[in-house]
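Here's the structure, in structure tokens; my notes come after.
The values are calculated or read from the model by the stated rules, or taken from the named source; none is laboratory data. Every value quoted in this text rests on a predicted model; they were computed, and no experiment measured them. Every residue, glycine among them, receives a Cβ derived from its backbone with ideal geometry; neighbour counts consider all protein chains shown. Note: accessible area is taken over every heavy atom of the protein model, side chains too, but ligands, DNA and RNA are not part of it. Shrake-Rupley method; radii C 1.70, N 1.55, O 1.52, S 1.80 Å.
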Amino acid sequence: MLSRSSFTSLVVGVFAVYVAHTCWVMYGIVYTRPCPAAAGGAPGECVWPYLARRPKLQLSVYTTTRSSIGAESNIDLVLNVEDFDIESKFERTVNVSVPKKTRNNGTLYAYIFLHHAGILPWHDGKQVHVVSPLTTYMVPKPEEINLLTGESATQQIEAEKQTSALDEPVSHWRSRLTLNVMVEDFVFDGSSLPADVHRYMKMVQLGKTVHYLPILFIDQLSNRVKDLMVINRSTTELPLTVSYDKISLGKLRFWIHMQDAVYSLQQFGFSEKDADEVKGIFVDTNLYFLALTFFVAAFHLLFDFLAFKNDISFWKKKRNMIGMSTKAVLWRCFSTVVIFLFLLDEQTSLLVLIPAGIGAVIELWKVKKALKMTMKWQGWRPKIQFGTYNDSEKKTEEYDAQAMKYLSYLLYPLCIGGAGYSLLNVKYKSWYSWLINSFVNGVYAFGFLFMLPQLFVNYKMKSVAHLPWKAFTYKAFNTFIDDIFAFIITMPTSHRLACFRDDVVFLVYLYQRWLYPVDKSRVNEYGESYEEK
């Protein structure tokens, strides 16, 4: 069996190998080896760029309800850019006619052609085109109402019917279409074409050399949920913003891999909203900052694992509650479960929701240990029994109860007043949503006050030796990392502010650790002391 230290070293080693391997893979994506024979004059082994001939090009965007087209009469021209300059960035908004089939929860496709100027795309043998759906299916967000003053009984019944109807996905309009063309005059090695770019390449034979036509790419990562519009049956026209920008080969390959990763997430059951959170990390963030975010996220994952491991190990070996605030444990469990339900109600990204759910399960297990709960079965009926406390534990409970008594004078009026204010002035989807939001606002706004009983117990006992400092340290690192993620991942504002609140609390714990130095007569986290040994 591996010891705890060797197991931690193994985890850190695996983590280091994972980071190094990821860096190597990223380097292989960004850097592409050019054709070595290009400089030696052996054109038969290389694939040359057709854009190096500087042809006059034209960009045409068509719409159709069919996923494949075979005749000019089946499509509508919505945008035509003559004398298209691949180096010039542009953005244009056009009105697109919405067919009746699309208005009846159907689909509309955009066909984008890049072809020679003055020639229709289906008459040009060297044209390239890509297809992108302009519609997607999503469940509309329920409308929020004032729970006290905004509804009559009849309106509530109609709202419930509407809500049940909105549980089914409906067609939404993608109001943005982002196009890119790879502009580098890069010469590929024909024997080792990158697989990611190869599927976007179209080859033509010109004399003795093979050329690849312009690589036209649709940036699907720019299709965000915030840009979607519900398609009503009365809508005949909808706006479409077509934007274009050139792209380098390295960024093109990176973007292809990121789009494939988002698609894989959706295949594993991630919703459109969850995938949109991942898109936002790539689209709304600078690439250099994105690389930093990757390393930060990797360390966050490592510290999360080590914090969970040490926290579970600490509570697994905990034999008494001397120096530990039971009220703080109960509150931490309650607040963690409430936060998880709140994030679930807000349909928060799984990147935030899954760790919150794991934390809630661990906190429930801690409550069982803190209250010394045991379950025995009497036939088919479970019977829960609670253990007894010794004199030292009862002394700790006295300090704990004293701290909660003073704290309740401040906390309860604030929470009740906040819940009443939100009920009168804020709109919610349902009474359940108001209840969860009221609880979670109390947790976020005043939750740090419930950490004060543990600080009060530390002050009375003049000791912090009973606290799980290894788990605290890893959680502190994650708290500072959360401060960075608070500006990157979409989350409720109250959850974002709570990240910074935890920084202050941990600094107070550090001050107490400095204030109360090591005393060999004090018990450690396992109820043992040096003098007893």
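Remarks
- Checking each residue of segment 54-68 against the condition of being surrounded by 13 or more Cβ atoms within 10 Å (Cβ to Cβ), out of contact with any Phe, Trp or Tyr (no Cβ under 9 Å at 6 or more places or on another chain) and touching a residue at least 40 places away in the same chain (Cβ under 8 Å) gives at least one match.
Residue by residue, here is whether (1) modelled with pLDDT of 80 or more; (2) among the acidic types (Asp, Glu); (3) under 30 Å from Lys372 (Cβ atoms) holds:
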residue: Ile256; (1), (2), (3): yes, no, no
residue: Leu265; (1), (2), (3): no, no, no
residue: Lys279; (1), (2), (3): no, no, no
residue: Ser325; (1), (2), (3): no, no, yes
residue: Phe334; (1), (2), (3): yes, no, yes
residue: Val352; (1), (2), (3): no, no, no
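- In segment 457-473, residue modelled with the lowest pLDDT [restricted to those that are in a helix (DSSP H, G or I) and open to solvent by 50 Å² or more (accessible area, probe 1.4 Å)]: Lys470
- Filtered by the rule that a residue be at pLDDT 90 or above and either over 30 Å from the mean Cα position of the chain (by Cα) or not in a strand (DSSP E or B) (or both), segment 211-236 gives His211, Tyr212, Leu213, Pro214, Ile215, Asp219.
- Options Val225, Val242, Val262: the member that is surrounded by 15 or more Cβ atoms within 10 Å (Cβ to Cβ) and either on the phi > 0 side of the Ramachandran plot or not assigned by the TED database to the domain that holds Trp173 (or both): Val262
- Pair list, Cβ < 7 Å and 6+ apart or interchain, from segment 414-442 residues that are closer than 15 Å to Phe342 by Cα to residues that are part of a helix (DSSP H, G or I) and of a type in the set (Asp, Glu): Ser433/Asp345; Ile436/Asp345
A quick yes/no check of all residues on (1) modelled with pLDDT under 85; (2) surrounded by fewer than 16 Cβ atoms within 10 Å (Cβ to Cβ):
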site	(1), (2)
Ala117	no, yes
Leu134	no, no
Val139	yes, yes
Glu144	yes, yes
Ala153	yes, yes
Pro169	yes, yes
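- Verdict on Leu423 being buried (at least 16 other Cβ atoms within 10 Å of the Cβ) and at pLDDT 75 or above: yes
- Qualifying residue in segment 172-191 (condition: surrounded by fewer than 17 Cβ atoms within 10 Å (Cβ to Cβ), assigned to a strand (DSSP E or B) and at pLDDT 60 or above): no
- Of all the criteria given as (1) open to solvent by less than 40 Å² (accessible area, probe 1.4 Å); (2) modelled with pLDDT under 90; (3) more than 29 Å from the chain's Cα centre (by Cα); (4) assigned by the TED database to the domain that holds Ile69, the one not satisfied by Asn104 is (1).
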